[in-house]
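Let me begin by presenting the structure, written as structure tokens, before commenting on it.
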Amino acid sequence: MARMLGAAMGAIIAAGVFATAAQAQETVTWWDFLSGGDGVRMKQLISDFNAEHEGEITIDATTLEWGTPFYSKVRTSAAIGEGPDIMTYHASRIPLAVSQGILQQITPEDWETMGLSEADYAPATWDAVTVDGKQYAVPFDTHPIVLYYNKDALAEAGLLTEDGKPMGLDSREGFEATLKGLKEAGAEFPLASTTADGTFMFRTIYSLMGQQDGELMSDGEFLAGDNAEKLQNALAVLQGWTNDGLQTTYTDYPATVALFTSGESPLMINGVWEVPTMIDLKEQGKLFEWGAVELPVIFDHPATYADSHSFAIPANSGKEMSAEKKAAVLEVMSWMAKNSLFWATAGHIPAYGPVTESSDYQGMQPNATYSSVTENMIFDPKSPLAGVAGPIYDVMSTYFVPTLNGEMEPAEAVEEIKYELNDLQ
């Protein structure tokens, strides 16, 4: 009998230990919108995290469709308490999300728990996840547009500097001289730009506005004061390049990349996310010597449009997150930030300063060459109408495409854009 009682007690104790162990294991439900090279790298990071936290935390990840489908699902899921525990989120979408009440605040206590702080981030990146003095996401990267260039073609045309960069990056006159020099050397379209997609071209246009200290929104109004003139200036420059045959016309995204990688266009403005494409082609022996640098200064000073992938916690209606789950989520965000060097292989600039300041990152090319852009970044205006797949892009795209392709005057386009944007409010 004593033996049976001892065995029974042992079973109870063992069951208790097992239950405690089971409770200690936290599964974090994760949603992202990352595909292609981004998706491959994020899956690797998740795998690394799970291996390092075996028996403690497991990330259960799902990838959803980028853009409107992702954000629509987040909103509807959070409204019924069925959202994930953590998700990727574009910083540009945060003002809308906050107005909809679908994001939890990342509190000062949360930042302390994660071992992260404002000092770890570029001011523009920190500000991009801040609304009314509160943070609603942890920045993971910044992904600006850059100028890709064919070193071989530029060298052959005598337009490569001693340090291996395109000539004329410091002024409009200088850059246009480089474009014309490439055309004279035989390039039909020296610069490949996605001129058939006004949403994508917003990145270049807004960069040129920023180089004039222009803002899309100020004091709650779109294109107030001289901002309309600054938008017109940006459009006029880009239209001039198209009219002079220096930039591609009505070109979609895949064609833009193809024109550059085939060598037909020696220059291309595109996002840093195309870096893996170039690296892979070069390793396969299918690409020339290439590089990527910050956008040229066309107006007064450097400025480049950027957005940021960040991590956010949905405010799931009627579903309070346990202290254990919250601790696991904060550990995920902290670990991802501190281990984001691998993410840089996707071309992105890690948002966490200690990573970009490391010798390992400083040795990465071309990332280290264009990382200076973090000092000159501008983000979307803080408006619920802005951000990835936001309504302001629909308005602007309608007028950007014909203007960039020489079928509408910049002044007329700006007048229509200003009216329609303010009519949205």
State whether one or more residues within the stretch 102-114 are within 21 Å of Thr68 (Cβ to Cβ) and of a type in the set (Val, Ile, Thr).
yes
Of all residues in the stretch 101-146, how many are touching a Lys or Arg at 6+ places or on another chain (Cβ under 6 Å) and either open to solvent by 40 Å² or more (accessible area, probe 1.4 Å) or not hydrophobic (A, V, I, L, M, F, W, C) (or both)?
1
State which residue is surrounded by the fewest Cβ atoms within 10 Å (Cβ to Cβ) when the search covers only the stretch 318-338 and only residues that are modelled with pLDDT of 95 or more and of a type in the set (Asp, Glu).
Glu324
Could you give me the residue pairs with C-beta distances under 7 Å whose first residue belongs to the stretch 105-128 and is free of Cβ contacts under 8 Å to residues at least 60 places away in the same chain, whose second residue is open to solvent by less than 40 Å² (accessible area, probe 1.4 Å) and assigned to a loop (DSSP other than H, G, I, E, B) wherever it lies, and which are 6+ apart or on separate chains?
Gln105/Tyr136
Restricting attention to the stretch 234-259, which residues are surrounded by 20 or more Cβ atoms within 10 Å (Cβ to Cβ) and either aromatic (Phe, Trp, Tyr) or not in a helix (DSSP H, G or I) (or both)?
Trp241, Leu246, Gln247, Thr248, Thr251
Hey, among the residues in the stretch 412-423 that are touching a helix residue (DSSP H, G or I) at 6+ places or on another chain (Cβ under 6 Å) and not acidic (Asp, Glu), which one's surrounded by the fewest Cβ atoms within 10 Å (Cβ to Cβ)?
Lys418
Here the residues within the stretch 194-227 that are over 20 Å from Arg172 (Cβ atoms), small (Gly, Ala, Ser) and part of a helix (DSSP H, G or I) are Gly198
I need a count of the residues in the stretch 20-49 that are modelled with pLDDT under 95, assigned to a helix (DSSP H, G or I) and touching a strand residue (DSSP E or B) at 6+ places or on another chain (Cβ under 7 Å).
1
Return the total of residues in the stretch 133-169 being acidic (Asp, Glu), in contact (Cβ under 8 Å) with a residue 24 or more places away in the chain and assigned to a loop (DSSP other than H, G, I, E, B).
0
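Considering each residue of the stretch 170-193, count those that are assigned to a helix (DSSP H, G or I) and of a type outside the set (Val, Ile, Thr), and give that number.
Result for the stretch 170-193: 12.
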Among the residues of the stretch 74-100, how many are open to solvent by less than 30 Å² (accessible area, probe 1.4 Å) and at negative phi?
17
Condition set farther than 24 Å from Gly214 by Cβ and aliphatic (A, V, I, L, M), scope the stretch 339-392, selection surrounded by the most Cβ atoms within 10 Å (Cβ to Cβ): answer is Ala351
Check on Gly220, open to solvent by 30 Å² or more (accessible area, probe 1.4 Å), touching a Ser or Thr at 6+ places or on another chain (Cβ under 8 Å) and not acidic (Asp, Glu):
no
Answer with yes or no whether Ala155 is open to solvent by 20 Å² or more (accessible area, probe 1.4 Å) and more than 27 Å from Tyr393 (Cβ to Cβ).
yes
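Across the stretch 260-313, which residue is least open to solvent (accessible area, probe 1.4 Å) among those that are polar (S, T, N, Q) and in a helix (DSSP H, G or I)? Write out each step before concluding.
First, the residues of the stretch 260-313 that are polar (S, T, N, Q): 261-262, 265, 270, 277, 284, 304, 308, 310.
Now narrow it down to the ones that are in a helix (DSSP H, G or I): 261, 277.
On the way: Thr261: 32, Thr277: 49 Å².
Ranking the candidates gives Thr261 first.
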Listed by first then second residue, the pairs whose first member lies in the stretch 57-73 and is surrounded by fewer than 12 Cβ atoms within 10 Å (Cβ to Cβ), whose partner is not in a helix (DSSP H, G or I) and not hydrophobic (A, V, I, L, M, F, W, C), with beta carbons under 9 Å and at least 6 positions apart or on separate chains, are Thr62/Thr29; Thr62/Asp32; Thr62/Pro84; Glu65/Ser35
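The values are calculated or read from the model by the stated rules, or taken from the named source; none is laboratory data. Since the structure is predicted, the reported quantities are computational estimates derived from the model, not experimental observations. Counting neighbours? That spans all protein chains shown, and the Cβs are built from the backbone with ideal geometry, glycine included. For accessibility, only protein heavy atoms count, side chains too; no ligands or nucleic acids. Shrake-Rupley method; radii C 1.70, N 1.55, O 1.52, S 1.80 Å.
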